[in-house]
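The values are calculated or read from the model by the stated rules, or taken from the named source; none is laboratory data. Quick caveat, the model's predicted, so the values are computed rather than measured. Positions of Cβ are backbone-derived with ideal geometry, glycine not excepted, and every protein chain shown enters the neighbour counts. Remember, those area values only see protein heavy atoms, side chains included, never the ligands or the DNA or RNA. Shrake-Rupley method; radii C 1.70, N 1.55, O 1.52, S 1.80 Å.
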Amino acid sequence: MKSVDDQAVSGRSGHARRCGAAILASVTAAGLFGLSAGTASADTGGTCLWAGAPHAQGTTVVAGGWNFTCGSAVDGSARWNRGSSANRAGTVANPGAAADPTGRFSAGAIQPGTEYTDYCVGEQLVSGSDAVYEVVADGAGLRWRAVGPIAHWRFDPGEGHIPTAQSASRCRMDPQY
């Protein structure tokens, strides 16, 4: 046994010490930089993003007839928590699920679907604008996930459901010979 600052330390081989030091450095770096395994997020400083605008922890916004409060997920990342229904107009921009949410929305945000969320089942086009979508974190980052019909979204006056302009020809499959 060796003594380091009056603490007994068992002797290890040089390889074991180097591996242990590398692991300790990795864990320390992950702690310092707030890295978490499995999810990626553009949130910084504990703020939540809604349509690219940052909102501080504890802030409540109104969108689609619902209150959303900026809070924290179990892993410490910022996320929107949907609360009670709101009987007032939206307080934030609601561009819809029109692009990759990374860097624009935090997990928990909900938006009406758009052509971006259209998809094909065989040769049939399924309109993404007929549903509402929530931002969810997965191993690769953030993505939109359908969470209900468009009827769950209350549009502000002057806004409304925009049906997809795409056609099923987008879904035509190449013949397999």
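Listed here are the residues, each with its yes/no results for (1) without any contact (Cβ under 8 Å) to a residue 60 or more places away in the chain; (2) within 22 Å of the chain's Cα centre (by Cα); (3) open to solvent by 20 Å² or more (accessible area, probe 1.4 Å).
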position	(1), (2), (3)
Gly122	yes, no, yes
Val135	yes, yes, no
Gly139	no, yes, yes
Pro149	yes, yes, yes
His161	yes, no, yes
Cys171	yes, no, no
Picking from Ala93, Ala99, Ala107, Ala131, which residue would you name as being modelled with pLDDT of 95 or more, open to solvent by less than 30 Å² (accessible area, probe 1.4 Å) and within 22 Å of His55 (Cα to Cα)? Ala107
Looking only at region 75-90, filter to residues that are of a type in the set (Ser, Thr, Tyr) and under 24 Å from Pro157 (Cα atoms); which one of those is surrounded by the fewest Cβ atoms within 10 Å (Cβ to Cβ)? Ser84
Filter pass, Asp43 being surrounded by fewer than 16 Cβ atoms within 10 Å (Cβ to Cβ), among the charged types (D, E, K, R), modelled with pLDDT under 95 and under 16 Å from the mean Cα position of the chain (by Cα): no
Go through (1) part of a loop (DSSP other than H, G, I, E, B); (2) free of Cβ contacts under 8 Å to residues at least 24 places away in the same chain and name the single condition Asp156 misses. (2)
Region 66-83 residues that are closer than 11 Å to Thr47 by Cα and modelled with pLDDT of 95 or more, paired with ones that are open to solvent by 70 Å² or more (accessible area, probe 1.4 Å) and in a loop (DSSP other than H, G, I, E, B) (beta carbon under 6 Å, 6 or more apart): Cys70/Gln57
Residues in region 46-74 that are touching a Cys at 6+ places or on another chain (Cβ under 6 Å) and either part of a strand (DSSP E or B) or surrounded by fewer than 16 Cβ atoms within 10 Å (Cβ to Cβ) (or both): how many? 4
